[in-house]
Ligand SMILES: Nc1ncnc2c1ncn2[C@@H]1O[C@H](COP(=O)(O)OP(=O)(O)OP(=O)(O)O)[C@@H](O)[C@H]1O
Ligand SMILES: [Mg+2]
């Protein structure tokens, strides 16, 4: 099926939204990961609902990046299973046996899992449009003109309509990261992974990238974000996951994990991050609603339903219409 | 140009520009330190940049210039160079034919060398230990054997293996069968010898370039589901080119001149032709000069090509591309054309 901005609108209260295909269900079961003798992930179990926003917090070295990278099989797991919409990532399951998939199959699976890196990793020899169009052309075989037209739409969505033909090195860090987000969106992923997307940025550039990610939370894609921006986590997360030493210490809605942490380690970590960051921005006002987004926060116990993307759901600039292909079904 | 704080004459006359410039800034400071309400705001557009002087460079340039002049003078005036003979033979038909043969050898050996070199480099970086050791062994053998030996071995392959046969072993079926000495022309031996030798070096060169590309580029491409072939050819190689090109052109220029070694196979390329001629006419030096001048011409053409190809691949790697010599010349012309009104005559 395909969805167009003109069809009957769904709301968050719709009991049976049939738009679930927009976001993928990620299931992580009993995942262990070792590098040699070092066990980095020690049994991770996590269910990430379709269309939900999950923020992963934790001290340095706790395995956050590694967990994220196992989700798209950049790191194969040592033990356990990861699946997206029921499809095991990196393996084909036959009863008790897991057959390693051929690279071609893994690449196909990755096209539905986008990733944004801390260090952007834009292709330095390609323009912004070239960067965004590359994966659809090479991985999905979209013709060049079509891919580039889409790329321009996506770059417009992230507010870079004046930077189409500019090379990454001629862009600011924040702009580069926005190109990287557009590049990840170009494959219409069911799941988007962000590994500290703002850590490499100057403080004044952080907000422009967070604004783009915030706009994505309304588009129905499942988002998994590793970040140290606590107030951002409070703002957008349905679930906050706190990791330490390769284990999930606690998880729950931000109001619980961030404001009433049950574990001493979480409290200590939040304390450390707060004293560092909150000295600068005076008042994150934990209970006040986010200023930009007037929509009420979803109930704490239920994950946010994937809503039908409205014409402006993704656009930073509300006058920009949402490109049709973003609202259509994922590639089958 | 507008009238300036420091008059052009003062800067020209004083050999060291620093006192004049220092004076200019001092006056500026003096104006600025005046009580704010009384002083009119300083007109910053009047400030002028005085370029730094480099007396050492001037001395060096003059020295080098003199040296070049002396050498050129001796070239022109020494009758032993026999410029008349050089001119007579420079465009001679046999020379041009030899030159074309040299170019043909260069192109073919270069294609074999860099084509195979790329394959070897990718093999060497393969995760499979077997494939990577095959590549390593190839480079090891072909870099350790002198080029002259390789050429003679290929040419004399017929002595080692009389016939070359392609078929299914232990059956009567053959697809191809020929006498080796019929197949192995001097040209083929030369292309094989030069090409395989070149490939061993090109492989290392390309591998180095590939290793210089940030690992994050490959990771991002894998995460986007881009197939391995495109990751190599579209993401990594174009970026590796920047590191590869300068040395690769060095190698190609070396190859142009390296083809002269093929004279041992009596193949009529430029250098062999030259030797034939001076063997007959005894005009050794002027003929060597003819060859040298042609090699200079080829190398110069390659250098121009190198400049533009390197420029092409530095797109995105530098914030702004420097102008090409042509663009610079045009810009200079454009600056000259409209008669500057304020310029000092
Ligand atoms: N490829 C690797 N080989 C060996 N050890 C690794 C590798 N990648 C990660 N590690 C180790 O795994 C541990 C967890 O790393 P990871 O990058 O997942 O931490 P993180 O939680 O993302 O930390 P940070 O907040 O600093 O990014 C670290 O001790 C790290 O040294
Ligand atoms: Mg990390």
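Things to note:
- Helices (runs of 4 or more DSSP H) (entirely within the stretch B:250-345) containing at least 2 residues that are assigned by TED's automatic domain parsing to the domain that holds residue B:192: B:270-281, B:284-313
- Test for residue B:236: is it in the same structural domain as residue B:152 (by TED's automatic domain parsing), farther than 15 Å from residue B:206 by Cβ and in a helix (DSSP H, G or I): no
- Residues satisfying the stated conditions in the stretch A:164-176, i.e. more than 8 Å from chain B (Cβ to nearest Cβ) and in a loop (DSSP other than H, G, I, E, B): A:164, A:165, A:166, A:171, A:172
- First in the stretch A:98-126 and within 28 Å of residue A:167 (Cα to Cα), second anywhere and within 16 Å of ligand 2 (Cβ to nearest atom) and in a loop (DSSP other than H, G, I, E, B), Cβ under 6 Å, 6 or more apart: A:110/A:72; A:113/A:72; A:115/A:72; A:116/A:197; A:118/A:196; A:118/A:199; A:118/A:200; A:119/A:200
Residue by residue, here is whether (1) over 14 Å from the mean Cα position of the chain (by Cα); (2) surrounded by 15 or more Cβ atoms within 10 Å (Cβ to Cβ) holds:
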{"residue": "B:281", "(1), (2)": "yes, no"}
{"residue": "B:285", "(1), (2)": "yes, no"}
{"residue": "B:290", "(1), (2)": "yes, yes"}
{"residue": "B:293", "(1), (2)": "yes, no"}
{"residue": "B:298", "(1), (2)": "no, yes"}
{"residue": "B:304", "(1), (2)": "no, no"}
{"residue": "B:314", "(1), (2)": "yes, yes"}
{"residue": "B:326", "(1), (2)": "yes, no"}
{"residue": "B:333", "(1), (2)": "yes, no"}
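- The one condition in (1) surrounded by 16 or more Cβ atoms within 10 Å (Cβ to Cβ); (2) at pLDDT 95 or above; (3) away from ligand 2 (no atom under 16 Å from the Cβ) that residue A:66 fails to fulfil: (3)
- Here the condition is being within 16 Å of ligand 2 (Cβ to nearest atom) and either at negative phi or part of a loop (DSSP other than H, G, I, E, B) (or both); of A:212, A:273, A:179, A:240, it holds for A:273 alone.
- Residues located in the stretch B:120-133, provided they are assigned to a helix (DSSP H, G or I) and without any contact (Cβ under 8 Å) to a residue 60 or more places away in the chain: B:123, B:129, B:130, B:131, B:132, B:133
- Taking the conditions (1) free of Cβ contacts under 8 Å to residues at least 60 places away in the same chain; (2) on the phi < 0 side of the Ramachandran plot; (3) surrounded by 20 or more Cβ atoms within 10 Å (Cβ to Cβ); (4) within 13 Å of another protein chain (Cβ to nearest Cβ) in turn, residue B:241 satisfies each one other than (1).
- In the stretch A:53-152, counting only helices (runs of 4 or more DSSP H) that sit wholly within it, the ones holding 3 or more residues that are more than 12 Å from chain B (Cβ to nearest Cβ) and within 16 Å of ligand 1 (Cβ to nearest atom) span A:64-71.
- Scanning the stretch A:42-52 for residues that are away from ligand 2 (no atom under 16 Å from the Cβ) and either within 14 Å of chain B (Cβ to nearest Cβ) or in a strand (DSSP E or B) (or both) gives A:42, A:43, A:45, A:46, A:47, A:48.
- Annotation note: of B:251, B:269, the sole residue that is more than 14 Å from chain A (Cβ to nearest Cβ), under 30 Å from residue B:208 (Cα atoms) and touching a helix residue (DSSP H, G or I) at 6+ places or on another chain (Cβ under 8 Å) is B:251.
- Residue satisfying all of: in the stretch A:178-205; within 16 Å of ligand 1 (Cβ to nearest atom) and either within 14 Å of chain B (Cβ to nearest Cβ) or surrounded by fewer than 20 Cβ atoms within 10 Å (Cβ to Cβ) (or both); farthest from residue A:50 (Cα to Cα) among these: A:200
- Test: residue A:97 is modelled with pLDDT under 95 and in the same structural domain as residue A:35 (by TED's automatic domain parsing): yes
- The residue list A:59, A:50, A:76 contains one member that is surrounded by fewer than 20 Cβ atoms within 10 Å (Cβ to Cβ) and in contact with a helix residue (DSSP H, G or I) (Cβ under 7 Å, 6 or more places away or on another chain), which is A:59.
- Within the stretch A:183-209, the residues that satisfy the criterion of being without any contact (Cβ under 8 Å) to a residue 60 or more places away in the chain and either in contact with a helix residue (DSSP H, G or I) (Cβ under 7 Å, 6 or more places away or on another chain) or within 16 Å of ligand 2 (Cβ to nearest atom) (or both) are A:186, A:198, A:201, A:202, A:205, A:208, A:209.
The values are calculated or read from the model by the stated rules, or taken from the named source; none is laboratory data. Given the structure is predicted, the values throughout are model-derived calculations rather than measurements. Ideal geometry is used to build each Cβ from the backbone, glycine not excepted, and the neighbour counts take in all protein chains shown.
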